[in-house]
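Step one of this worksheet: look at the structure below.
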Amino acid sequence: MSRLGSGVLLAVSVALVLTVASLGGAASASGLREWYDDLDKAPWNPPGWVFGPAWTALYILMAVAAWLVARTGLDQRSVQVALVLYLAQLALNLGWSLLFFGVRSPGWALVDIVVLDVLVAATIVAFWRVDTTAAWLLVPYLAWILFATSLNAWIVLRN
């Protein structure tokens, strides 16, 4: 792949992740003060300031991982499968923010994030078949959303 083509793929990957991050962030910000602050949260819930830097790092890793996979060749079936899984998990990622904060439905958000956990694990496996570095770049994301699943479950059980 040419350097120009690779650069375009990287720009598209970053733009896609920034769009999801922006929409999810807007949904999250709308529900923070009025509702989320009053919920009974897990004792292991980190302070609010942790979420922004954590998600920034994770979104960067996700964009680079998708780019590494895409640049190996969009005409390859394994790349196509991996990227469809990646796009599906991105949609669920955004869906969680909309469900949890936008609609204020922790129960439906928990269903979403459990499916997201499985889909990210499947994406890691699919990425591994194409580019092992890309797969490893998604491991912190999986760890974070598994942690987030525990926070979400606590809120469902305690509120």
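The numbers here are math on the coordinates, done by the rules we state, and not lab data. Model, not experiment: these values are computed from the prediction. Backbone-built Cβ (ideal geometry, glycine too); neighbour counts: all protein chains shown.
Data table
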| read-out | value |
| --- | --- |
| Square roots of 5 times each gyration tensor eigenvalue, C-alpha, the chain, largest first, Å | 30, 15, 13 |
| Theoretical FRET efficiency, 1/(1+(r/R0)^6), r = Cβ-Cβ of Asp40 and Val81, R0 35 Å, to 0.05 | 0.30 |
| Loop-resident sites, region 24-111, for trypsin sites (Lys or Arg not before Pro), counting at most 11 other Cβ within 10 Å (DSSP) | Arg33 |
| About the Cα centre, charge dipole magnitude for region 39-159 (Lys/Arg +1, Asp/Glu -1 at Cβ), debye | 60 |
| Given charges at Cβ of Lys, Arg, Asp, Glu: the chain dipole, positive-most of Pro106, Gly52, Leu32 | Gly52 |
| Gain upon complete extension [Val50, Val115; 0.36 nm per residue less C-alpha separation] | 21.0 nm |
| Value at 222 nm in deg cm²/dmol, rounded to 500, when DSSP H runs of n ≥ 4 in the chain each add -39,500 (n - 2.57) | -27500 deg cm²/dmol |
